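The values are calculated or read from the model by the stated rules, or taken from the named source; none is laboratory data. Bear in mind that the values here come from a model prediction, so they are computed numbers and not experimental data. Cβ sites come from the backbone with ideal geometry, for glycine too, and all protein chains shown count toward neighbours.
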């Protein structure tokens, strides 16, 4: 188990290093001089040179990469040109929105998808299955921003029960803040839940055909007990894998959804930073998002070991 | 008084190519404490018979006839009543110990599960009894902790766990469906000895399904030879082995390797039975074995042969059976 953990941890660090290098290189080949963008086209040559020196742009690329990497490790993410504050402050301000939003979307998608997928598998080719499969097909086909607009039209414009956009802030109280995040979370969760429900269904169908499910039935367990006690846990291993992979799509989704709902979160920040060529912010945010994806997938690996004792090691009885 | 009595059990499977007959009027009786071996090649309906008794046939299966167990016709019972019997009065040991156990549950949990389900025992009490069961099947403590997972055991050890699970609720009937097929030779002998040990001297009846005549010879008092969903020959094991009457039974013996040295001379070449098992979608009108039978005659083809009694306790479904002792 310790070896398994160490291996995964090593993979995690290497992946992060490669990701940081990639992010840096992409920013390098991007045309345009950040200093020139900040100062505008009419800047004097000596001012430009001074700013370039201040920003370290006159140093060689490898030196700037190492400086950036060192900053990442020590927590010094640099300062945004457009906002005039450190990137840490920007992130700290917005993560209070984006993290709860992502968590809500994951929880929603999971509590929707897994029971629906299990239900569809248990009632294979019956009405419930056909219904679930039909809705998930829709969920996969329809993009989340369209869902977002539909949800705004229904809940904010027509019924007027939830706000159409903006974030109340946690200072306004738990429920008012949560209310502003509800529609965005649903819009993010639905397409993910659709995919997850399908994966769950096919995975449960596969495990239902396993010998140990028949063994459980031979012990006298009812169909339902055999399903929940023996098939579902084994079926969750591929489901968890997909959840880990979906996390990156979820983050990409927040960029769109936070724009649709005017939420001042990380997704919107990265969108604005790109539009304003605030390259330090873009670089830091991309590596931060990459890191969160890698860490989530590391957690997924750990979850495998919880779900499947075969991965925990433990040798044969001799 | 028989414990289990099948009367004209016929099972058809609905398939895209139409109904396929997998069991055709199978009848037999099994008394408490008795042992019955069912032998035949793959696809002859041995496992289907076992699954029919368990009530675990695939959803596409249709049954006719009767399966009387402890004076109830199992085919008329609802799912709830069957669940109360399965694992409690009828238990089953499966062919593949590698896949019959749930890989993510401990062996202690899996052995205790039936006890908790049928007797409503608490976790502690059920697991205490599971320990005794593991001990009884040759997995003593503390070496074989109940907290082990199946992947930490060998094939033979896993089959012992499966047997412990089957014995948990002290069933009246134990069905062993090719319990040794997936095991290596030394484990095979140990597992058969274990099954013999746990059924001997108890009122537990044993239905042992195998494709191996030697296993029947060594382990059961009565036997049934099945071919293409029908019973070809039946009787007391010693009697059937002494005077094999059905051409199929003799063909099966001639095709059997090893372990029959007391019956077969050394250095004998293994024979094969020419031809194919009939297609279950398109069974012949007459004897199902006619297409492969060396003794086939014109009267075998119009209608299936009825069962005839050769001596009390030995019957054969053949119009032209072999007579006399099994040649050695």
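Taking residue B:155 as the residue in question, decide whether it is more than 10 Å from every other protein chain (Cβ to nearest Cβ), in contact (Cβ under 8 Å) with a residue 40 or more places away in the chain, at positive phi and touching a helix residue (DSSP H, G or I) at 6+ places or on another chain (Cβ under 9 Å). It is false that residue B:155 is more than 10 Å from every other protein chain (Cβ to nearest Cβ), in contact (Cβ under 8 Å) with a residue 40 or more places away in the chain, at positive phi and touching a helix residue (DSSP H, G or I) at 6+ places or on another chain (Cβ under 9 Å).
For segment B:97-105, does any single residue satisfy the condition of being more than 26 Å from the chain's Cα centre (by Cα), surrounded by fewer than 24 Cβ atoms within 10 Å (Cβ to Cβ), within 17 Å of residue A:214 (Cα to Cα) and modelled with pLDDT under 95? Taking every residue of segment B:97-105 in turn, at least one turns out to be more than 26 Å from the chain's Cα centre (by Cα), surrounded by fewer than 24 Cβ atoms within 10 Å (Cβ to Cβ), within 17 Å of residue A:214 (Cα to Cα) and modelled with pLDDT under 95. Among the residues of segment A:200-213, those that are surrounded by fewer than 23 Cβ atoms within 10 Å (Cβ to Cβ), more than 10 Å from every other protein chain (Cβ to nearest Cβ) and either in contact with a helix residue (DSSP H, G or I) (Cβ under 6 Å, 6 or more places away or on another chain) or part of a loop (DSSP other than H, G, I, E, B) (or both) comprise A:205, A:208, A:209. If the condition is being farther than 22 Å from residue B:48 by Cβ and at the interface with chain A (Cβ under 7 Å from one of its Cβ atoms), then segment B:85-121 contributes B:88, B:101, B:102, B:103, B:104, B:113, B:114, B:117, B:118.
Among the candidates A:16, A:69, which residue alone is within 22 Å of the chain's Cα centre (by Cα) and closer than 30 Å to residue A:248 by Cβ?
Numbers: A:69 fails: within 22 Å of the chain's Cα centre (by Cα).
Residue meeting the stated conditions: A:16.
When residue A:252 is tested against (1) touching a residue at least 12 places away in the same chain (Cβ under 8 Å); (2) within 12 Å of the chain's Cα centre (by Cα), exactly one condition is not met: (1). Restrict the check to segment A:37-51 and report whether at least one residue is within 32 Å of the chain's Cα centre (by Cα) and surrounded by 11 or more Cβ atoms within 10 Å (Cβ to Cβ). The answer is yes, given that some residue of segment A:37-51 is within 32 Å of the chain's Cα centre (by Cα) and surrounded by 11 or more Cβ atoms within 10 Å (Cβ to Cβ). Look at (1) crowded, with 24+ Cβ neighbours inside 10 Å; (2) in contact with a strand residue (DSSP E or B) (Cβ under 7 Å, 6 or more places away or on another chain); (3) more than 13 Å from chain A (Cβ to nearest Cβ) and you find that residue B:166 fails only one, number (3).
Among the conditions (1) surrounded by fewer than 17 Cβ atoms within 10 Å (Cβ to Cβ); (2) within 14 Å of another protein chain (Cβ to nearest Cβ), the only one that residue A:221 does not satisfy is (1). Only one entry of A:197, A:226, A:235, A:216 meets the criterion of being over 30 Å from residue B:177 (Cα atoms) and either part of a helix (DSSP H, G or I) or within 14 Å of another protein chain (Cβ to nearest Cβ) (or both), and that entry is A:197.
In the condition set (1) within 30 Å of residue B:42 (Cα to Cα); (2) surrounded by fewer than 17 Cβ atoms within 10 Å (Cβ to Cβ); (3) within 13 Å of chain A (Cβ to nearest Cβ), residue B:141 is compliant with all but (1).
The set of residues from segment B:173-189 being more than 15 Å from residue B:216 (Cα to Cα), away from chain A (no Cβ under 14 Å) and surrounded by fewer than 21 Cβ atoms within 10 Å (Cβ to Cβ) comprises B:184, B:185, B:186, B:187.
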